[in-house]
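See below for the structure under consideration.
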Amino acid sequence: MWGWIRKTLYVLVFLSIAAPLIAFRYSYTLWEVPDPAQIAAGQNQTITLYYSDGKTELARISPKSGDRSSIRFQDIPLHVQQAVLAAEDNTFWENSGFDITGIARAVWNNVTGDSGGGSTITQQYIKKATGNEELSFGRKWKELVLAKKMADTYSKKDLFTAYLNTVYFGRGANGIQAAAQAYFGKNVQQLDVSEAALLAGVIQRPTYWDPDVDRENAERRWNFVLGQMSSQGWLANRETLKFPATLPRDASPSSARLQIENQVLAELEDVADLPRDALHQRGYRVITTIDRNAQTSLEQSVSTVMAGQPDYLRAAAVSLDPKSGGVLAYHGGGNGVGLDYAQSPQDAGTTFGTFVAVAALRQGFRLDHPLDGSSPRMIDGIPFQNPQGVRCSPCSLRSSLGMQANTASAELTSQVGVGAVAEAAFQLGISRELRGKPAFGKDPDTRIAVGGGSTSVRPIDMARAYATLAADGVRTTPHFISRVEDIDGNIRYNATPLLTQAIPPKIADAVTFSLTRTQGAFTRPGTRSYGDDGANAKAWMVGYTRDIVTVVWMGADKIIAIKNKENKDITAFGEPTTIWSAVMDGYRGTESPKKPTFDPKKPSPDPAARPTPRTTR
């Protein structure tokens, strides 16, 4: 009996070793390695972006003329070679085209649903050649086999040169020479160590880690590359190097369109695992979530409203589909290059009063809970006052929300606790961290009630949070892409909304019921005050129906009193509302506002209608 078991185990061990070897040998013979010349020639297709209808063209992203200039191995400085190897594959000269440890890690990530792998430079080159970005074991197997065959067919120097002549660096630049020109205006032979490290660092995520897009992550990656070079003994003067200055990116005639392009490319790279060079190689069609009518209305309104305004004034706007999280309209302000204000942290202002109400209802407070909305008041040792003309005393939770009574909101925050307000905001969709730091500072206080102190949010996150209310408490993730198709119409990527019931529907409806109704939508204007004379430093207009939520922000790069071209104070009901109204009117489907199922006259076991608990800190 034991002899039979032992023989069986021998056979199984043999098969476990022989079968992969046989399969590898068969695949090695069956598949042909790609020709580097064909790879370079194939990366010149136009990427076409469409509106959500899938028919109307939104933008074209074409390879720039002269965006590739091949170089010889002997023209690549040693420190440039070392920077790329440090960033992507420091065992390149020794490995057989693949890394067993990296393969195992990629397989495990695929099984567990995680992302990332351990592709060698040769494997990356194969992936670009085949255009197959699928996250699957089959793709990884073929990549492994072809990487070995490629390593057997071409010399290491030829492989490395071909890789550096085809890899995408962002800014429309394929290849290290084009990248050196795009980022620094010089040839690759003239790059210093610091510049080489920056270019090597952007290879992994070229759309994101351009310093003009995300300076913080670009520097983090630059430091990583230099650290790897030091650990390999390739760099002796690490402490003397400084982050290099780059040329500005080219602007586009339409800033809003360029910012949408940037977001789409970033999402393709990060979520769909389709980097720009792969898209150019195949000429894919990208159907976005952008609604043609809403986007056109937004662009026209921003152009009209911002004409002749002070140079310091900035504006950003985001519209979302509350049911899916799809971005319906988008404008990040500026000229399309550099800071995207829809993605940058801003003072939240009194729009935060909505999150205070959500926190209170989650704790069981009623809408008729009494509050003192007199102004001015000292609450928790901090002075608060209402906007000019706002009087709410006596006041209720519901009326304080609709009237923007800051003092009542601050009192309610004191009762439910600052942490509860912050958690309500996070549950609705506000980011917990911004640029690696807590969104509301390390120790927020009662000023969070009016978006004060260190309270910061991104306009796109504000849209997400209010979209959760519009969708009966279901939180989504904002996204710009609906699907990606090849030239034959085959779907290469299809977005699947991630839906989470963040708060009970009854609470969402109770808050909606309490908001101000404006032009058929439920709205919450907000401001970040400047001084005591009624001036504002930031102005917001937020509002939604069941079909669309739109957020408009207006402010400056620093805390100053914002004035319009007539030298009048900018308020939420002025320029921001003009832009907001244009988008809401332009979007088809806003005829029917969200109708709350909440009825304040009927008792309910839901927390939104329970007896008011004791008010404790």
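For residue 538, the residues whose modelled amide H falls within less than 5 Å of its own, excluding neighbours fewer than 5 places apart on the same chain, are 528. Using only side-chain charges placed at the Cβ, +1 for Lys and Arg and -1 for Asp and Glu, the dipole size of the range 436-531 relative to its Cα centre rounds to 380 debye. Pairwise Cα separations in the range 382-480 fall into 10 Å bins from 0 onward with the following percentages, short to long: 15, 42, 35, 8, 0.
Assuming 0.36 nm per residue, please report the length gained on full extension of the stretch residue 189 to residue 385 beyond their Cα-Cα distance.
Values: separation 196, 0.36 × 196 = 70.56 nm, distance 6.22 nm.
Difference between extended and current length: 64.3 nm.
Across the range 291-304, computed HN-Hα scalar couplings (Karplus, 6.51 cos²θ - 1.76 cosθ + 1.60, θ = phi - 60°) run 7, 4, 5, 5, 5, 4, 4, 5, 4, 5, 5, 4, 4, 5 Hz from first to last residue, x flagging Gly and Pro. Beyond 31 Å in Cα-Cα separation lie the following of the pairs 242/437; 157/186; 186/563; 437/538: 186/563.
Hey, with R₀ at 51 Å, roughly what FRET efficiency would residue 532 and residue 232 work out to, going by the Cβ-Cβ distance, to 0.05?
Working: r = 60 Å, r/R0 = 1.17.
Step by step, r from the Cβ atoms, then E = 0.30.
The residue list 346, 330, 358 was ranked by how far each Cα lies along the charge dipole of the range 241-371 toward its positive end, using unit charges on Cβ atoms, and 358 comes out on top. Percent of Cα pairs in the range 185-285 per distance bin of 10 Å, from zero to the largest separation: 14, 39, 33, 13, 2. An ellipsoid equivalent to the range 397-452, defined through the eigenvalues of its Cα gyration tensor, has semi-axes of 22, 12, 10 Å when rounded to whole angstrom and sorted largest first.
Can you give the charge dipole size of the range 314-465 about its Cα centre, rounded to the nearest 20 debye, using +1 on the beta carbon of Lys and Arg and -1 on the beta carbon of Asp and Glu?
On the way: 14 positive and 12 negative charges, 35 e Å.
Here the range 314-465 has a charge dipole of around 160 debye.
No lab work stands behind these numbers, since they all come straight from the coordinates. These numbers come from a predicted model, not from an experiment. Heads up, the Cβs are rebuilt from the backbone with ideal geometry, glycines too, and the neighbour counts pull from every protein chain shown.
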